[in-house]
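Here is the structure we will look at, set down as structure tokens.
What follows is calculated from the coordinates using simple rules that are stated; it is not laboratory data. Here the structure is a predicted model, which means the values were calculated and not measured. Quick reminder, even Gly has a Cβ in these numbers, built from the backbone with ideal geometry, and neighbours come from all protein chains shown.
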Amino acid sequence: MTSKHAETIVLHAGHRKDASTNAVAVPIYQTTSFQFDSTEHASNLFALKELGNIYSRIMNPTNDVLEQRLTALEGGAAALSVGSGQAASAMSIQNIASVGDNVVSSTALYGGTWNLFKNTLPNMGIEVRFVDPHDPEAFANATDDKTRAYYAETLPNPKLEVFPIKEVAEIGRKIGVPLIMDNTAAHGLCRPFEHGAAIIASSCTKYIGGHGNSIGGIIIDSGTFDWEAHADRFPALNTPDPSYHGAVWVEAIKPLGPIAYIIKARVTLLRDLGAPLAPQNAFLLIQGLETLPLRMERHCENANAVAAYLNDHPKVSKTIHPSLMSGEPRRRADAVLSGGYGGLCGFELKSGLEAGKTFIDSLEMFYHLANIGDARSLAIHPASTTHSQLTPEEQLATGVTDGYVRLSIGLEHIDDIIADLAQALDKA
Ligand code: PLP
């Protein structure tokens, strides 16, 4: 089945019916291991002479459907599902960077990614250089011969200023640096590969799952980045890997297609670090994915209405939503997002932090929790929660001010959403 339409892809790509039972819903292959047909079959699988299931830490047929579907949705070549969005971010970099290497990242990041980049990757010997995403040239200026990737979020959570994907991808491709995009808040609205990104590393926990019931992550390989042409920059893919009998990944994987990056991630990093997605969660994420385009339409429609309402409210000093932006941020949003501006909306109250807390405590229908992209409407105060481990300066760089309240607008009737906001604002 081939279609260029997201609505069709999310229902049909990667699975028609189960090969042994004809089941139409994707079966949950709740098994650790898969029986080998013979000793020859077993050794062929381990040697990658044949592709097939070995052990669910490394691959599983339920996860495979999620991987194929998200690959098709994003127009990529192959994907790897992992246990969380955080695991996807970390592994997308660890796959090509090691001690002494560096990555150049946008400052507009989710707080957890900021912590990973500021503390944990440097502890592993990988430096992350933060640059202002308003200036694509800042990526070029921060690059040296040890730079292994650029990293950014499409619709950064919570700054909501769309990243200049095309401009930075172009800079990177000229000098052999792949752009890794976290597309978490924009799946179904933006296809970063069409703008030149090389890799996607996203959380599936949010809009893909869409129902707040499962943590998961995905790394997708566009198959369009020429790792061989920049062999000096990517020794991990171009020199013998002692952990796999000296395999040179770009050579060894060539017969399977331009997917050396993602196969290496699966058979070395996932094998060694062991952060697989549970098949039960893959099933729930697939279930959510099947309605992603439809849900995104309503998330966007409701968020637009909320942004317009807040923008006119006398107690609100600032509303953050792409529909209200002008100049370059608006141009980028319009160039990159299609079908809407996403389901997130931020705002600040004129009377500051205390009023913001009263507002959140007064919400009756909105949930107060640390997630986005749920079918239900959600609210949080990032400075004291998701971004609380950052310094005040770091918080500002990610777009978090003291008074910022982040809303993830759900699928409820818009009248009920506005009514809950209105009564909470009355008390704030
Ligand atoms: N990327 C973004 C943009 C996020 O908002 C989050 C979580 O909020 C993550 C990555 C991490 O995902 P997970 O919570 O699935 O580990």
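Summarising the label geometry, the points placed 7 Å from Cα in the beta-carbon direction at Asp18 and Leu48 lie 3.1 nm from one another.
What per residue convex hull volume, in Å³, do the alpha-carbon atoms of the range 293-427 yield? Intermediate values should be presented prior to the final figure.
Values: hull volume 14.4 nm³, N = 135.
Measuring per residue, one finds 107 Å³ for the Cα hull of the range 293-427.
Listed by chain and number, the aspartates and glutamates placed with their C-alpha closer than 12 angstrom to that of Lys4 are Glu74; residues fewer than eight positions away on the same chain are left out. For the pair Thr2 and Asp145, the difference between a 0.36 nm per residue extended length and the Cα-Cα distance amounts to 47.5 nm. Put the Cα centre of the range 116-159 next to the Cα centre of the range 314-344 and the gap is 24 Å. Once you reduce the range 395-417 and the range 20-98 to the center of their Cα atoms, the two points are 35 Å from each other.
DSSP finds beta bridges in the chain, and of those with both partners inside it, around 60 percent are antiparallel. Inter-label distance, His313 to Leu369: 2.2 nm, where each label sits 7 Å from its Cα along the C-beta direction. Pairs exceeding a 21 Å alpha-carbon distance, out of Lys118/Lys146; Lys318/Lys427; Lys118/Lys264: Lys118/Lys264.
Cross-link reach is defined here as a Cα-Cα straight distance under 19 Å, omitting same-chain residues fewer than 8 places apart; for Lys254 the aspartates and glutamates meeting it are Glu50, Asp221, Asp226, Glu228, Asp232, Asp241. Springs between Cα atoms under 10 Å define the GNM used for the chain, and in it the highest mean-square fluctuation of Ala97, Ala333, Ala308 occurs at Ala308.
Between Asp312, Asp101, Asp226, the GNM of the chain built on Cα springs shorter than 10 angstrom shows Asp312 fluctuating the most. Placing +1 on the Cβ of every Lys and Arg and -1 on the Cβ of every Asp and Glu, with nothing else charged, gives the chain a dipole about its Cα centre of roughly 320 debye. Mean residue ellipticity at 222 nm, helices only, the chain: -9500 deg cm²/dmol; runs of at least 4 DSSP H residues each add -39,500 (n - 2.57), and the sum is divided by the number of residues.
For the pair Asp361 and Ala25, a Förster radius of 45 Å applied to the C-beta separation gives a FRET efficiency near 0.65, rounded to the nearest 0.05. For the range 252-296 versus the range 236-250, the spacing of their alpha-carbon centroids is 21 Å. For the pair Val99 and Asp416, label points projected 7 Å from Cα toward Cβ lie 5.6 nm apart.
Cβ neighbours within 10 Å, averaged per peptide: list 393-403, 416-426, 181-191 in order, most packed at the top.
181-191, 393-403, 416-426
Shown here is the pair-distance distribution of the chain: with all Cα-Cα distances grouped in 10 Å bins from zero up to the longest one, the shares run 5, 22, 31, 25, 12, 4, 1, 0 percent. Charge tally around Val24: other residues with Cβ under 14 Å, Lys/Arg +1 each, Asp/Glu -1 each, net 0. Specify the residue with the greatest mean-square fluctuation among Lys159, Lys315, Lys17, computed from a Gaussian network of the chain linking alpha-carbon atoms under 10 Å apart. It is Lys17.
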